[in-house]
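A short write-up of the structure that comes next.
The values are calculated or read from the model by the stated rules, or taken from the named source; none is laboratory data. In this text the structure is predicted, and so the values were computed from the model without any measurement. Here the Cβ positions follow ideal geometry from the backbone for every residue, glycine too, while neighbour counts run over all protein chains shown.
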Amino acid sequence: MLKRQTEGLVACPSCQKIVKVTEKKCPHCDRQHPAMWGYARSLRQLGPDYGFIRGVMWGCGILYLAALLLDIPGIRNEGFLDLLAPSGPSLFLLGSTGSLPVYDIGRWWTVLSAGWLHGSLLHITFNLLWVRDLAPVVARFYGGARLIIIYSAATIVGSLFSSTAGQYLDALPDVFHGATLSVGASGAIFGLFGAMVTYGQRLKNNEIAQRAWTYAIVLFVFGVIMPNVDNWGHLGGFVGGYGVTKLPGFDPLKKEKHDHVLLAIACLIATVLSVIASVGHGLSLGIL
Ligand SMILES: [Zn+2]
């Protein structure tokens, strides 16, 4: 657990100069609460991402296991792509998103929970490998708190795109259908690409921007070719990550502030609540 420091010295997270833990404002850079209410040292020990990436691995892993265990007879094994696929009802209970839960049943909070659920062993393996690869880069570019905000925003926008397309763009060909039901962290992953594009543009570093674009486009086309991929979720995730990092508080040349930490904590609480609400509401509907 996080340990609170009540006396002594700590490095200001913005300017790295040494300040007293009791200082309300950094005398060197004017940052508010440089000791972050005594938690600055503990947070720093969690790493530049504040332990978020490990949290994604554990959170997604535990929810994937839970989805399997909740409905063991319902587990599907249809070929390599659908090996160890949790049943539809158990994913629905834990909070899959899409036009059915969001528009038909009113489970609007699933736009967040669905980003932490996965539909097969291959799906979760691929997504977590991408998160492990990209999230540390985005944490280095923007800071750990802003990583959490970007990740959450991309998850929400990706889910909104696929649910809305699923509801209103039914007439389009299959690949651009949107989703009746959808799970997965890929919206967030595309959001990380979007954030990297913004970073490259802001620093006028064409190599970073171009590489992020290339990865995003190749993965997007890959999704269009593969069956059953939520392409609107990918597009929405990219738009979410790119859009958020265009906001004034996300200038990568400026260090993150304690407001970002508070907003990141709010994102994490909202994520946990979205899963709890899904299960509570799902049980009241008699799912499973
Ligand atoms: Zn400072």
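Need at least 1 residues that are within 16 Å of the ligand (Cβ to nearest atom), free of Cβ contacts under 8 Å to residues at least 40 places away in the same chain and farther than 21 Å from residue 159 by Cβ per element, so show me which helices (runs of 4 or more DSSP H) inside region 1-114 make the cut, counting only ones lying wholly within it.
By residue number, 40-45.
Go through region 113-125 residue by residue and tally those that are farther than 12 Å from residue 67 by Cβ and surrounded by fewer than 24 Cβ atoms within 10 Å (Cβ to Cβ).
Final tally of qualifying residues: 2.
What residue, among those in region 82-119 that are out of contact with any helix residue (DSSP H, G or I) (no Cβ under 6 Å at 6 or more places or on another chain) and over 25 Å from residue 164 (Cβ atoms), is modelled with the lowest pLDDT?
That would be 82.
From the list 171, 188, exactly one residue is assigned to a loop (DSSP other than H, G, I, E, B) and out of contact with any strand residue (DSSP E or B) (no Cβ under 7 Å at 6 or more places or on another chain). Which is it?
Of 171, 188, the one residue that is assigned to a loop (DSSP other than H, G, I, E, B) and out of contact with any strand residue (DSSP E or B) (no Cβ under 7 Å at 6 or more places or on another chain) is 171.
For region 217-231, state whether one or more residues are assigned by TED's automatic domain parsing to the domain that holds residue 148, assigned to a helix (DSSP H, G or I), on the phi < 0 side of the Ramachandran plot and polar (S, T, N, Q).
Checked region 217-231: at least one residue is assigned by TED's automatic domain parsing to the domain that holds residue 148, assigned to a helix (DSSP H, G or I), on the phi < 0 side of the Ramachandran plot and polar (S, T, N, Q).
Which of the following residues is surrounded by fewer than 24 Cβ atoms within 10 Å (Cβ to Cβ) and in a helix (DSSP H, G or I): 137, 157?
Matching residue, one of 137, 157: 137.
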